[in-house]
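Asks: Okay, handing you the structure first.
Values quoted throughout were computed directly from the atomic coordinates according to the rules given, and no laboratory measurement underlies them. Treat the numbers as computed from the prediction; the structure is a model and nothing was measured. Glycine gets a Cβ as well: all are built from the backbone with ideal geometry, and neighbour counts include every protein chain shown.
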Amino acid sequence: MRIFLAGDAVTGTGPANVTKYYIENLPAGTLYQKRRNKVLRALEILMCTLRADVVVYSGYSKQNILGLRMAKLFGKPSAYIMHGCVEYENEINREPDVKMNAVERATLEMCDLVIAVSERFATWLKEYYPMHADKIDHVTNGLDISLLNRNSGSSERDPHMIFTVGGGMPRKKIVHVCEAVKKLRGTYDKDLRLCITGDTGADSAVIDSYEFADDRGLVSFEENASYFGSAALFVQNSCFETFGLAPVEALMCGCPVLCSRHVGALDLLKDLRDTDVIENFDDPDEIAEKIRFNLENTNAGRLSAGIDGESCSWKAASDALTQKLSKLISSK
């Protein structure tokens with residue numbers, strides 16, 4: 001079986017990193033995109049589609065429409081690795097885009113198989129797009145196991161520092177984390193503060209209005225890792241997070257974590273307890289109560305011990321993807 005994997009693998013975004021890891025771990029002979037020029041890229045898609053047994057498009061792109069049309073023209077089975085839902089995410093981030101919605105919906109209509117990046121996301125997709133439920137499956141994103149134990153958390157942690165990522169993006173629900181920290185500063189720890197990294201967004205002005213909120217903006221991977229290594233707790237309160245690697249990266253650095261139940265990366269964690277998970281991302285009282293509990297009762301050791309490097313590796317994810325593609329070919 002020869003696979004053609006199309007998609008960005010160079011920009012450093014989350015979807016691009018996933019595509020890069022697949023390129024590194026899929027079977028020898030896998031074809032992938034190398035051209036950046038639009039005309040040359042179209043020719044490359046044509047040639048690779050003709051040579052492949054199955055085509056896979058990773059991530060949202062207008063090029064998916066052209067590629068999937070070619071696949072249908074030449075009778076090649078096709079799959080779409082869906083890293084997020086553009087239509088829904090733009091809506092909750094208060095940045096609707098009708099043209100992007102149309103591209104995404106056309107991609108879902110034209111492909112033979114939709115592969116979500118976590119089981120939680122696949123379940124959500126089947127409810128949001130019931131007309132496509134019978135062709136939605138999942139392969140949970142892998143982990144770069146070389147990063148395991150890269151920082152044992154031996155550095156001294158700041159007991160007053162809570163860390164979160166997502167900047168001003170509304171779907172990250174950081175405003176509610178701010179409210180929770182505000183409550184705790186009045187009843188538990190007056191020096192508690194919230195460190196935030198990520199791009200500006202519709203919630204940035206509100207977040208910056210909290211005097212204890214330290215918004216660092218976009219930072220490097222290394223700087224983020226330093227916060228994982230020094231924070232007393234990492235909180236991810238997203239209302240929609242198809243995967244979200246940050247909680248696992250935090251655990252790799254020995255940092256305790258608290259996540260909303262909508263974070264897809266929870267699929268990789270074992271022995272989850274009620275105190276590890278935020279059920280209502282809009283409830284500052286629940287968030288405050290669970291922040292306080294986890295500051296006093298670390299879950300880092302318990303949760304990191306449940307990460308199986310072999311079964312969670314990108315090699316394992318690539319093998320799972322290959323099996324699903326083989327099954328797709330045989331069904332055609």
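Asks: List nothing, just return the count: lysine pairs in region 146-305, 8 or more apart or interchain, with Cα separation under 21 Å.
Replies: The number of close lysine pairs in region 146-305 is 11.
Asks: Would you mind checking which residues have amide H under 5 Å from residue 80's amide H? H placed 1.01 Å from N; only 5 or more apart, or other chain.
Replies: 57, 113, 114, 115
Asks: Could you pull out every residue, at least 5 positions away or on a different chain, whose amide H is within less than 5 Å of the one on residue 195? Hs are placed 1.01 Å off N in the peptide plane, and Pro or chain starts have none.
Replies: The answer is 162, 163, 164, 214.
Asks: How would you classify region 146-305 from its alpha-carbon gyration tensor, with a ≥ b ≥ c the square roots of the eigenvalues: rounded for a/c under 1.5, else prolate if a/b is greater than b/c, otherwise oblate?
Replies: Cα axes put region 146-305 in the rounded bin.
Asks: Is the shape of region 155-202 rounded, prolate or oblate, going by the alpha carbon gyration tensor and its root eigenvalues a ≥ b ≥ c, with a/c under 1.5 for rounded and a/b larger than b/c for prolate?
Replies: Judged from the Cα gyration tensor, region 155-202 comes out oblate (a/c at least 1.5, b/c at or above a/b).
Asks: While we're on this one: Run lengths n ≥ 4 of DSSP H only: what is the helix-derived mean residue ellipticity at 222 nm for the chain, with -39500 (n - 2.57) per run over all residues, to the nearest 500?
Replies: Helix-only estimate at 222 nm: -12500 deg cm²/dmol.
Asks: Based on C-alpha coordinates, I'd like the Rg and Dmax of region 1-149, in Å.
Replies: In Å, with Rg to one decimal and Dmax whole: 15.2, 48.
Asks: If you build the Cα gyration tensor of region 183-243 and take the root of 5 times each eigenvalue, what three semi-axes come out, in whole angstrom, biggest first?
Replies: So the three semi-axes of region 183-243 are 20, 16, 13 Å.
Asks: In addition: So what are the ³J(HN,Hα) numbers for region 211-228, from phi and the Karplus equation (6.51, -1.76, 1.60; θ = phi - 60°), rounded to whole Hz, Gly and Pro as x?
Replies: With coefficients 6.51, -1.76 and 1.60, one gets 5, 8, 8, 10, 8, 8, x, 6, 10, 6, 4, 5, 5, 4, 4, 5, 6, 4 Hz.
Asks: Can you list the HN-Hα couplings for region 73-78, worked out from phi with the Karplus curve (6.51, -1.76, 1.60; θ = phi - 60°), rounded to whole Hz and with x for Gly and Pro?
Replies: 4, 9, x, 9, x, 9
Asks: Quick one: 313, 331, fewest Cβ neighbours within 10 Å first, how do they rank?
Replies: 331, 313
Asks: A follow-up question, please. Residue by residue through region 304-321, what is 3J(HN,Hα) from phi via Karplus (6.51 cos²θ - 1.76 cosθ + 1.60, θ = phi - 60°)? Round to whole Hz and write x for glycine and proline.
Replies: My calculation for region 304-321 gives 5, 5, x, 7, 8, x, 6, 6, 9, 6, 5, 5, 5, 4, 5, 5, 5, 4 Hz in order.
Asks: Same structure again: Any idea what the alpha-carbon Rg over 2.2 N^0.38 Å comes to for the chain?
Replies: For the chain, the normalised Cα radius of gyration is 1.04.
Asks: Under a cut-off of 16 Å between alpha-carbon atoms, report the lysines in cross-link reach of residue 315, not counting same-chain residues fewer than 8 places apart.
Replies: Filter leaves 20, 324.
Asks: Sticking with this one: Let me have the relative contact order for the chain, percent, based on Cα pairs under 8 Å that are six or more residues apart.
Replies: Rounded, it is 16 percent for the chain.
Asks: Amide H neighbours of residue 313 under 5 Å, counting only residues 5+ apart in sequence or on other chains, H built in-plane at 1.01 Å?
Replies: The list, which skips near neighbours in sequence, is 143.
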